[in-house]
Each structure stands twice: as C-alpha cells, then as structure tokens.
Amino acid sequence: MAATLTLALALDPSARAGDGEQGRDRHHHHHRHRPAAGTPLTLDDLGWPATTRSVRTRVAAKVYDVAKTSHGHRIGKIAEDQRLAWTEIVASRDRCKAYVAIEPRGWVCARDLAPSDDAPATEVLPHRARASTEFAGLDLTAWPEAVWPFAWAVEPQKKAKDGAATRAARPVDVRAAPARDAAVVRTLAPRAVVPVLDTEGDFARIGPDEWVAVRDLRIARRAARPDGVGADERWIDVDVDQQVLIAYDGDTPAYATIVSTGHHGGTPVGIYRIDRKDVQRTMRSPPDWVDGWDYKDVPFGLRFREHFWLHAAYWHDLFGNAVSIGCVNLATEDARWVFGFAEPAVPPGWLEARAADGKGSAVRIRDRRHPDPPWKDFDGKRLED
C-alpha cells in the first residue's frame, strides 16, 4: 500500500506536499518507500483502475528503447491523444518514477500517459499533406526486365527566387534523326515515360526513327547493390546526374521517380544510413547558412546525414531538376511511398521513429565522378573499410 500511495502521488501532477511538518513527513515517507529501478509495478501502483485496457498519450510523448536509465536511447515520439496497447510497468529512479511498455515497441513515461477503458486506437499521420503536384513515380514490382532503361521527358528548368519555375513546363521534341536540325515528328508531354533503346551522341532513341535530346530526358538505369548492403535489405539509390531515385528490395527495383537534389552539387555523395524519420516537421536552415530556408509542416522526412533529408517538397514542382539547397526533394506521393518503404518503420500514431545504429535503410548518393562512393557517417566522415 505504501508503494502504491507513493507512486500515485508522484505521478499525479496536481499532488503537492504540504507545508511544515506534514510536508517533511510526506517527503521522508516517499524517499523511504520508493521502489528500486526495474521493480515490476501494477495498475494499482499508478493509481489506475483495474479496467484499464489501453494507455492514452496526454501529450506528444517520447519513446525510449528501455525503461529510461543512463543507457536508454530515444527511439521516437507518439502524437497526443493516441490509445496504445501496453504490456508491463516498471519503476525508475529518474524524475519519471515509472515507465510503461507499449506496443509495438518502446517505453513511455507514465506521467505522459492516462489510463483508458477503451481499446487501443491510433491514427495514420499526418492528417493532411500539402502537395505541389499530382505527379507520382512508378511501381516497378511488376515491370518486366525488358523495359530497362527508361526515362522521363523533362525539359531543364531553373527555380526563381520565390521558388516557382522560371517558365511553364513545355513538351519535349521528338526528332526523326539524332540531330538538332532534324525534323520534329511529335512531342512528348512533360514527364511522359519512354523507353531508351539506344544512344548516339547527345540523343537517345525511343522508337523507330524517333530521337530525343539526352538533356531533355531523366534516364533510370538499374544499379548494382553496394557492398555493405545485404541481399534482403531495402535501400535507396539517388543518381544526382539524372535526378532519378530508385528504391530497391535487395537486388530488385521496387519504385522509381524523379527528384530534385541540391543545385551546384549541394547534396553530398556517399552511402549513408537513415537514422530518423519524421511524419511531419518544420525544416529550418542553421543560423549561419547564407542561403537559408524555413518550411512549415514538411511531410515524410527521412534523415540520412546532419541537415540532409529525403522529404516531400510542396513549395515547388521542378522534380527532375537540381533546385534544392541540399536535401533530396520528392513529390508528396513519392515521399509517402519511400517513407513507408524504408527502415525504421514508423507505427501508426507515431510522429517520429529513430533507427538503432546500423539498422536504418542505406541511401546511396552518387554522380558520374563518384559512381561508387564510400560509406560515410552522420557527420559526413568516411567510415573505415
């Protein structure tokens, strides 16, 4: 009974020790009977009813890999007002006093939770994701081998200071021969997908006597899995020269799309591990960056290096052109797909999830000068072979 009263008082934000002798007695009583860290606790110990079926997050609650000790690490955050299944409760010696194990993983401070008689219920977040375009990439899981390579028709574009395109996207000319003065036989709608059957000089053949300038195509080619990525791992390949992203499941291409990487080489080449995923966040430049940015409610962010993310970009529609500061910009539906594909998984109701060391999906950023870049850490330093 003493432990129950002590923990119930400690976990109730409205409970306060009285003044004078009564307050000193209560403090002494609390110190003497506080259970050791790791001690199993009951619902009664928290002052929660025996009818508790789930726990509700009273605030946006942090999640830890163990009941927080000096060895605990934050693995995510859950949105407010989510009802979660729970499995056990243990005491702790930090300010939290007790932690609750939740499904599917992790521990949450009991102070951030409230008991509920209702069944668990979580939401898929965010509720609304702004989109700059209706464009989306290609699901490759059912594509035959013969379609490779293929390309999107994308006339080169630049971004104005306000983030808009410098001009409206225009159709791409298809010529009768691989020459700029050859007759135009038809045009391709912006972002039309075409096969690449052959190349000659600065032109690619997309059909019988049909040629398109290579500069007007973003060509997707299959790439070999890098050393250090397992045959059963999911990973992401970004070709900076072509502005093409392909997601792989082992050696099998699963999804392909066009992206916007950093202009003037702003996206750092290398192979990285995703260390964090945020359903939605504000993305703001460091204070000392000259070309700064401040975007609210950016959905589907996957961080692979400090200050560098793959994420949706609702403020422009220039995919296929290198116009970002340094992050890899995707159309909203593409970012949603990649977010769900890559590790770590983000359970419903969670705002963020963090990967254990070496467990996040690999992201390879490459260009023609660095076709096989080295592995790098979160700070961009080359890892030892």
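The values are calculated or read from the model by the stated rules, or taken from the named source; none is laboratory data. Here the structure is a predicted model, which is why all the values come from computation and not from measurement. Please note: Cβ atoms are built from the backbone with ideal geometry, for glycine as well, and neighbour counts cover all protein chains shown.
So, E88, is that one acidic (D, E) and over 23 Å from Q280 (Cβ atoms) or not?
Details: acidic (D, E): yes; over 23 Å from Q280 (Cβ atoms): yes.
Criteria met by E88.
Scanning the stretch 356-385 for residues that are modelled with pLDDT of 95 or more, assigned to a loop (DSSP other than H, G, I, E, B) and aliphatic (A, V, I, L, M) yields no hits at all.
Of A142, A136, A182, A165, which residue is over 30 Å from K296 (Cα atoms), of a type in the set (G, A, S) and touching a residue at least 24 places away in the same chain (Cβ under 8 Å)? Don't jump to the end; show me each part of the working.
Values: A142 fails: touching a residue at least 24 places away in the same chain (Cβ under 8 Å); A136 fails: over 30 Å from K296 (Cα atoms); A165 fails: over 30 Å from K296 (Cα atoms).
Only one candidate passes the filter, namely A182.
Considering the stretch 247-298, and only residues there that are among the aromatic types (F, W, Y) and under 18 Å from D237 (Cβ atoms), the residue that is surrounded by the fewest Cβ atoms within 10 Å (Cβ to Cβ) turns out to be Y255.
Considering R366, R354, which residue is of a type in the set (K, R) and either crowded, with 22+ Cβ neighbours inside 10 Å or within 13 Å of the chain's Cα centre (by Cα) (or both)?
None of the other options fit; the residue is R354.
If the condition is being assigned to a strand (DSSP E or B), surrounded by 14 or more Cβ atoms within 10 Å (Cβ to Cβ) and not β-branched (V, I, T), then the stretch 130-189 contributes L138, F150, A151, W152, A153, K159, A165, D173, R175, L188. Which ones in the stretch 302-315 are surrounded by fewer than 21 Cβ atoms within 10 Å (Cβ to Cβ) and either touching a strand residue (DSSP E or B) at 6+ places or on another chain (Cβ under 7 Å) or not aromatic (F, W, Y) (or both)? The answer is E306, H307, W315.
Just need a number here: residues in the stretch 31-87 that are part of a loop (DSSP other than H, G, I, E, B), at pLDDT 95 or above and crowded, with 18+ Cβ neighbours inside 10 Å. Write out each step before concluding.
Just the residues of the stretch 31-87 that are part of a loop (DSSP other than H, G, I, E, B), to begin with: 34-39, 41-42, 47-53, 58-60, 65-73, 79-82, 85.
Filter once more, keeping what is at pLDDT 95 or above: 41-42, 47-53, 58-60, 79-82, 85.
Next, from what is left, pick out any that are crowded, with 18+ Cβ neighbours inside 10 Å: 41, 48, 79, 82.
Residues that pass the stated criteria total 4.
Look through D278, D294 and report the one residue that is of a type in the set (D, E, K, R), modelled with pLDDT under 95, assigned by TED's automatic domain parsing to the domain that holds D227 and more than 21 Å from P373 (Cα to Cα). It would help to see each step written out before you state the result.
Working: D278 fails: modelled with pLDDT under 95.
Being of a type in the set (D, E, K, R), modelled with pLDDT under 95, assigned by TED's automatic domain parsing to the domain that holds D227 and more than 21 Å from P373 (Cα to Cα) holds for just one of D278, D294, which is D294.
V229: over 25 Å from Q157 (Cα atoms) and more than 17 Å from the chain's Cα centre (by Cα), yes or no?
When the stated conditions are applied, V229 passes them.
If you go through the stretch 324-345 one residue at a time, how many are outside any strand (DSSP E or B) and buried (at least 23 other Cβ atoms within 10 Å of the Cβ)? Of the residues in the stretch 324-345, 6 are outside any strand (DSSP E or B) and buried (at least 23 other Cβ atoms within 10 Å of the Cβ).
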